Amino acid sequence: MAEFDFDLFTIGAGSGGVASSRRAASFGAKVAVCEGSRVGGTCVIRGCVPKKLLVYAAQFRDGFEDSVGYGWNSHVPAFDWEALIARKDREIDRLNGLYITMLKNSGVALVEGNGRIVDPHTVEVAGKRYTARNILVATGGWPSLPAVEGIEHVATSNEALHLPTLPHSVLIIGGGYIAVEFASIFRGLGAEVTLMIRGDDLLNGFDDDIRIALAQEMTKRGITIVSRCKPVKVVQGAGGYTVTDHMGREHSAGLVMAATGRRPNTRNLGLEEVGIALNADGAIPVDQWSRTSVDSIYAIGDVTDRMALTPIAIAEGRALAETLFNDNPTHISYDNVPTAVFSLPPLGTVGLTEAQARAKYPQVDIYKAGFRPMKHTLSGRDERVLMKLVVDGDSQRVLGCHMMGMDAPEMMQALGIALNCGATKRDFDRTIALHPSTAEEFVLMREKAPPPQTL
Ligand code: NDP
């Protein structure tokens with residue numbers, strides 16, 4: 001009889017858990033994955049995928065408006081929120097089914113229910129115990145809400161994807177990825193939108209020029225950004241909600257949404273009981289091999305204290321399968337990870353911001369191009385593009401690429417390859433431009449931006 005029921009038991013069938021389990025099974029491992037909600041996890045069920053479908057919906061307004069400048073006798077047609085949500089839900093159902101089929105076809109056993117670790121080699125699901133040589137925790141994260149009176153009235157991204165009707169006005173607390181993406185969605189679909197941020201600018205951690213440029217464009221689109229502002233109370237009224245801020249000002253809206261970060265799903269997993277101490281944010285600390293402080297227990301994705309991005313969870317999961325089951329110790333690099341914010345206009349970024357580069361390198365060269373894209377010469381839209389290269393002044397290696405503007409996310413995937421290959425500014429310069437395009441500006445920037453003024 002086998003020593004264990006499984007070689008790998010994965011808790012959580014999100015992007016990371018599914019990728020890791022399937023890759024492990026492809027190497028001949030006997031694998032099971034348990035899931036207490038829907039197979040697919042945050043990205044497929046209540047994150048990246050449904051969000052992007054709503055961004056596509058919101059983008060049509062631009063298309064209708066811009067078409068007039070191109071000779072179309074256009075108007076913005078009526079929009080049907082219920083129809084959009086129903087179609088989006090059908091697509092999510094399809095993907096959910098696809099993920100279940102993929103697990104089955106890969107030979108991974110799917111166990112329904114939440115898993116709890118009983119000992120370093122045993123997981124309990126719905127009252128039944130399964131033993132495994134290795135346990136993988138891939139339980140992801142969940143929206144975290146600020147401790148504010150009346151916060152139970154506030155929606156998170158989970159509920160925002162399922163609203164019965166489109167609210168006439170939305171107040172979003174927070175200024176990170178989720179806040180700016182949903183602000184763009186709701187505004188594009190016709191709602192009045194206010195962003196309440198506690199700092200000065202949106203998107204902490206992004207390049208400062210891009211943060212400022214995006215705030216300008218979002219403001220032009222009619223989004224109100226209230227900075228240095230914190231909510232203290234949320235009250236439900238007849239037609240909506242009123243948020244009182246720290247200065248006693250009242251902000252009313254048909255929907256209040258909090259996009260104030262996410263917390264790792266580590267509760268009720270039995271982690272502390274088997275000796276895994278969590279960090280201050282409730283995340284599972286792991287080493288570069290995704291191993292926790294208990295040798296047979298691993299963790300990947302948003303439940304750890306690394307980068308909360310779907311492709312990172314997938315890469316961590318596949319690397320773990322290589323390490324454990326293919327005799328090929330693998331860990332991933334967190335450098336030059338391209339990311340996007342699907343705001344309107346969108347952002348794309350890879351590598352270091354100017355501030356990060358200046359903190360690390362003695363000499364940093366900055367190249368910037370800001371312009372009105374060709375499309376808007378005829379559309380008349382008052383929207384600009386900003387592109388920026390951050391270059392190590394000594395080696396001339398390109399350290400970071402940042403962009404706000406149409407197609408920025410698509411460009412960043414390719415630029416990520418260039419940065420991973422160690423491309424220099426000269427390599428960018430000797431690449432022939434693709435004309436006419438916006439992307440060509442990345443190989444046409446000649447003038448260094450003046451160094452920042454020191455007081
Ligand atoms: P973020 O960490 O990006 O942003 C949280 C925002 O909420 C920040 O503006 C933060 O302010 C603010 N905030 C935090 N706590 C409070 C509070 N108590 N009161 C008021 N404001 C507060 O989290 P998100 O929820 O937007 O996204 C979670 C993660 O999901 C992201 O980190 C990202 O990795 C991932 N994601 C990725 C996407 C993509 O790749 N396109 C899309 C969506 C999510 P401050 O800046 O001052 O800290």
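The values are calculated or read from the model by the stated rules, or taken from the named source; none is laboratory data. Bear in mind the structure is a predicted one, so any value in this text is a computation, not a measurement. A quick note on method: Cβ atoms are made from the backbone with ideal geometry, for glycine too, and the neighbour counts reach across all protein chains shown. In case anyone asks, the SASA skips ligands and DNA or RNA and just uses the protein heavy atoms, side chains included. Shrake-Rupley method; radii C 1.70, N 1.55, O 1.52, S 1.80 Å.
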Scope region 232-262; condition within 11 Å of the ligand (Cβ to nearest atom) and either among the charged types (D, E, K, R) or open to solvent by 20 Å² or more (accessible area, probe 1.4 Å) (or both); matching residues: Val232, Asp245, His246, Thr260, Gly261, Arg262
Can you list residue pairs whose Cβ atoms sit under 8 Å apart, with the first residue in region 335-352 being open to solvent by 30 Å² or more (accessible area, probe 1.4 Å) and the second being of a type in the set (Asp, Glu)? Count only pairs 6 or more apart in sequence or on different chains. Phe342/Glu181
Flagged in region 18-31 as under 17 Å from Tyr130 (Cα atoms) and either surrounded by 24 or more Cβ atoms within 10 Å (Cβ to Cβ) or at pLDDT below 95 (or both), in numbering order, are Ser21, Val31
Can you run down the residue pairs with Cβ atoms below 7 Å, 6 or more apart or on separate chains, where the first is in region 47-63 and more than 14 Å from the ligand (Cβ to nearest atom) and the partner is open to solvent by 40 Å² or more (accessible area, probe 1.4 Å)? Arg61/Val76
What number goes with the only condition from (1) without any contact (Cβ under 8 Å) to a residue 40 or more places away in the chain; (2) open to solvent by 30 Å² or more (accessible area, probe 1.4 Å); (3) assigned to a strand (DSSP E or B) that Asp394 does not pass? (3)
Can you tell me how many residues within region 105-132 are part of a loop (DSSP other than H, G, I, E, B), within 19 Å of Ile297 (Cβ to Cβ) and more than 28 Å from the chain's Cα centre (by Cα)? 2
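Return yes or no: is Ala32 under 30 Å from Glu124 (Cβ atoms) and among the small types (Gly, Ala, Ser)?
On the way: under 30 Å from Glu124 (Cβ atoms): yes; among the small types (Gly, Ala, Ser): yes.
So Ala32 passes the test.
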Please pick out the residue among Asp327, Asp382 that is more than 24 Å from the chain's Cα centre (by Cα), surrounded by fewer than 21 Cβ atoms within 10 Å (Cβ to Cβ), among the acidic types (Asp, Glu) and over 30 Å from Ala29 (Cα atoms). Asp382
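Can you tell me how many residues within region 243-274 are under 22 Å from the mean Cα position of the chain (by Cα), hydroxyl-bearing (Ser, Thr, Tyr) and within 29 Å of Ala191 (Cα to Cα)? First the steps, then the outcome.
Taking region 243-274 and keeping what is under 22 Å from the mean Cα position of the chain (by Cα), we get 256-266.
When the remaining residues are screened for being hydroxyl-bearing (Ser, Thr, Tyr), the result is 260, 266.
This time we only want the ones that are within 29 Å of Ala191 (Cα to Cα), so: 260.
Residues meeting the conditions: 1.
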Being within 30 Å of Cys48 (Cβ to Cβ), open to solvent by 30 Å² or more (accessible area, probe 1.4 Å), of a type in the set (Asp, Glu) and part of a loop (DSSP other than H, G, I, E, B), is that true of even one residue in region 409-428? no
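Could you list all residues from region 133-182 that are part of a helix (DSSP H, G or I), among the aliphatic types (A, V, I, L, M) and within 11 Å of the ligand (Cβ to nearest atom)? Lay out the reasoning, then the answer.
Pass one, region 133-182, residues part of a helix (DSSP H, G or I): 151-153, 157-160, 177-182.
Applying the additional criterion that residues be among the aliphatic types (A, V, I, L, M) yields 151, 160, 178-180.
Across region 133-182, the qualifying residues are Ile151, Ile178, Ala179, Val180.
Identify, from the list Ile284, Ile223, Ile297, the residue that is crowded, with 22+ Cβ neighbours inside 10 Å, more than 24 Å from the chain's Cα centre (by Cα) and among the β-branched types (Val, Ile, Thr).
Numbers: Ile284 fails: more than 24 Å from the chain's Cα centre (by Cα); Ile223 fails: more than 24 Å from the chain's Cα centre (by Cα).
The match here is Ile297.
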